[in-house]
Amino acid sequence: FRVYKHGLDKEFETFKTPFLFDQLCIDRKNNKWFGTFENGIYLIKSNAPKEIDLNNKIKKGILSLKTDGERLLLLTEKNGLIAKDKSNVKQLFYLEKFKRIRGFVSGKNFKLIGIDGGLYKTDNNFKRLIHLNTDAVKDIEHGFGDDILIGSSSKAHLFRNDTLVRLNDKRTTAICAVSNHEIWMGGLNGIETIQLNAHNAKAKPINIHPIINESHINDIKRDKFGNIWIATNQDGLFQYNNGKVFQFNTSSSSDRSITSDICIEIYPKENGEIWLITNKGISILRSEKNLNLVWKSYNLTSAEGFPIQGISGLAFISNSLFVSTQSGLFEFNKLPIVSNETSATIITKLEVNFNTANMHQLILPYDSNNLTISFASSFINTNSEYAFKFRVKQLGQDWIKTNFLQVPLYNLSPGKYTFEIASLNAHGRAGPVSSIEFTIKKPWYNTWWFVSSISLLIVSIAVYYIKLNRDRLKLNNDLIRQKLRVLRSQMNPHFVFNALSNLQNLVHSKNTVVTNEYIGKLAHIIRKGIEFTDSEFITLDKEIEYTRHYLDIEKTRFGEKFNWELICKIDPNKLQELKVPPLLIQPMAENAIKHAFKSIKTNGFLSISIELSNKQTISYTIKDNGIGISEASMNSTRYGLGIVKERIQLLYKNNSEKGQFSIENINDENTSGTKITILLPKIKNQT
């Protein structure tokens, strides 16, 4: 039997040998659940399909399914035409030598069979065989009356009164009689039409829709309402009715979403449903209250016990559905029911400032404005992966989809909020909405005072930390002293104070997005600046990331005073392998911003280039278009240049290749400024 292994995969597994199970239970849908001692939990759907016994050579080569009365016909890759009666007792092989059977229809006293080698006519007993032409058949369909339509690799034909009538001279992959006198023929680039009752009628392109006109057409069918359905090879499914065109694809809303944009074959049913095979499963389209222009799609998934991978054909006989796949032939004794069932969502936990809070006391102080809301839902009925949608009304949000079991809400302003959450089933439909309301009280003091106090505290801590470490590092070796000087040059109180002052302005502007980004980058710089002081080397990608965050903050502070670029010409895959001294680029960038652009108001430009030579030497080039630098200042520690140069000398003093630091003024005809070049050779014992 075929079962579904819950929680591990979405495919069916066949058990050929029995195994021990621990518990068995039946749910309200008559599905059977059982747990094994060693193999997890399994589910047998109440409408699980029955696999029809076929030998391996046949079941892996079924190209399509057709019906001939109550018989099921298997059109195969290498085993001819196989007929099976309803009771599945007899298995008859017709035309066993035929390869790649692509089409089949029954006439009154004959049958037409299409293969890659052409079109054949035979009697009802498959005894007398007549070869009608040699074109590779792509599609065979019934027309109106006794007409039969044939699409092939080089043309399309109408078979009428035992005669083939040529309709066009183009490759025809799909063909359909849309009325008594009109035939549509789909090919590699759109659709052609022909009027059968017109004098000297010729096939001509028909302009249905811009996408259809350029699409590879896989199938065309007409339903009971007169709608024409068009399956394309990569643009989804189209419905045509009296000049109106509607598209169904994976990007559509949930009512028009299908399993894939690669549509293979269309099956209009007598009850008005449209069944569609795609390369990823089955979609069913149903008209709403018999309004042929209002349709909704329902996707069959493994949630309905359906094998969704590699489907090649469908056939309906009485109340049974037959499905051919890459892994064999299956029979559903009753049609799968598309479940719209959804699961309720329960809000399980509320964290305020990263501490668990009481969900019954939801009037919070002004500084308790970082919330994390956790929730859960049972997806057993819907068989979905975690999928939810949420919104906060007061933030003006549309519904947001998430696959996580938590939603963070940080830096909320004072006010009353309603958080809403709902689960989504396998078809994207939402379950009942759960909600939680909470209020954040207004502060008793002004926001600017709070920001100023925090700014003063951070600056004080930074100054104290630098002074404390300066005293301690006097007792250590030269390399440790240089690390301190780097920390002081990167995280001096002046930069922190200016950055926090700018943060205060952003908070007053109430630009939440920019403020949050600014806080994140500033926190990153402070954290990494301290973290890197204990590292002799870091990876190049971290140095680049740190520099970008620093320049983003400075750009936010100074606005149009300058622009910057950072170009890395090294393969991104090598950035995590290359080790460099930390925080060498940032002091040079800070020097340019503070001194090179000192006397300009706009159009300053800072360019940073990073390259790797054949000798594995990393090169930094920092250029600006500022006022230049005097010769006396080039070695001065005032601007941090001497500190960087001294660090490079110490770090590479035991290396065969020395690090290099150079600085020069740019005095071209059209440009001026300063250029700094740093060369960092690979250290032999670098880890």
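The values are calculated or read from the model by the stated rules, or taken from the named source; none is laboratory data. As the structure is a prediction and not an experimental result, all values here were calculated from the model. For neighbour counting, all protein chains shown are included, and Cβ atoms are generated from backbone atoms with ideal geometry for every residue, glycine included. Ligands, DNA and RNA are stripped out before the accessible areas are found, and what is left, the full protein with its side chains, is counted by its heavy atoms. Shrake-Rupley method; radii C 1.70, N 1.55, O 1.52, S 1.80 Å.
Annotations for the structure displayed:
- There is no residue in segment 624-631 that is open to solvent by less than 70 Å² (accessible area, probe 1.4 Å), at pLDDT 80 or above and under 23 Å from Leu522 (Cα atoms).
- Residue pairs meeting the criteria (Cβ under 7 Å; at least 6 apart or on separate chains; first in contact (Cβ under 8 Å) with a residue 60 or more places away in the chain and more than 9 Å from Thr674 (Cβ to Cβ), in segment 611-631; second of a type outside the set (Asp, Glu) and open to solvent by 80 Å² or more (accessible area, probe 1.4 Å)): Gln616/Lys682
- Filtered by the rule that a residue be at pLDDT 90 or above and either open to solvent by less than 50 Å² (accessible area, probe 1.4 Å) or part of a loop (DSSP other than H, G, I, E, B) (or both), segment 327-353 gives Ile347, Leu350, Glu351, Val352, Asn353.
- Filter pass, Glu577 being at pLDDT 85 or above, open to solvent by 20 Å² or more (accessible area, probe 1.4 Å) and assigned to a loop (DSSP other than H, G, I, E, B): yes
- Filter result (more than 15 Å from Ile194 (Cα to Cα), β-branched (Val, Ile, Thr) and without any contact (Cβ under 8 Å) to a residue 40 or more places away in the chain) within segment 122-181: Thr122, Ile130, Thr134, Val137, Ile140, Thr163
- Failed condition for Pro49, given (1) surrounded by 15 or more Cβ atoms within 10 Å (Cβ to Cβ); (2) modelled with pLDDT of 80 or more: (2)
- Only listed residue being within 37 Å of the chain's Cα centre (by Cα) and open to solvent by less than 60 Å² (accessible area, probe 1.4 Å), chosen from Ile191, Ile150: Ile191
- One residue stands out among those in segment 245-264 that are modelled with pLDDT of 90 or more and open to solvent by 30 Å² or more (accessible area, probe 1.4 Å): the one that is nearest to the chain's Cα centre (by Cα), which is Asp261.
- Residue selected from segment 112-147 under the condition hydrophobic (A, V, I, L, M, F, W, C) and under 41 Å from the mean Cα position of the chain (by Cα), by the criterion nearest to Pro268 (Cα to Cα): Ile140
- Complete set of residues in segment 538-559 that are over 23 Å from Glu577 (Cα atoms), modelled with pLDDT of 85 or more and charged (D, E, K, R): Asp552, Glu554, Lys555
- Looking only at segment 580-594, and only at residues there that are in a helix (DSSP H, G or I) and of a type outside the set (Val, Ile, Thr), the one that is most open to solvent (accessible area, probe 1.4 Å): Lys594
- For segment 293-326, filtering for residues that are closer than 25 Å to Asp85 by Cα, at pLDDT 75 or above, buried (at least 18 other Cβ atoms within 10 Å of the Cβ) and small (Gly, Ala, Ser) leaves 4.
- Residue selected from segment 646-684 under the condition in contact with a Pro (Cβ under 9 Å, 6 or more places away or on another chain) and among the hydroxyl-bearing types (Ser, Thr, Tyr), by the criterion most open to solvent (accessible area, probe 1.4 Å): Ser656
- Close contacts from segment 647-658, counting a first residue that is free of Cβ contacts under 8 Å to residues at least 60 places away in the same chain and farther than 17 Å from Ile585 by Cα and a second that is surrounded by fewer than 18 Cβ atoms within 10 Å (Cβ to Cβ) and among the hydroxyl-bearing types (Ser, Thr, Tyr), with Cβ to Cβ under 8 Å and a gap of 6+ residues or different chains, come to Glu657/Thr617.
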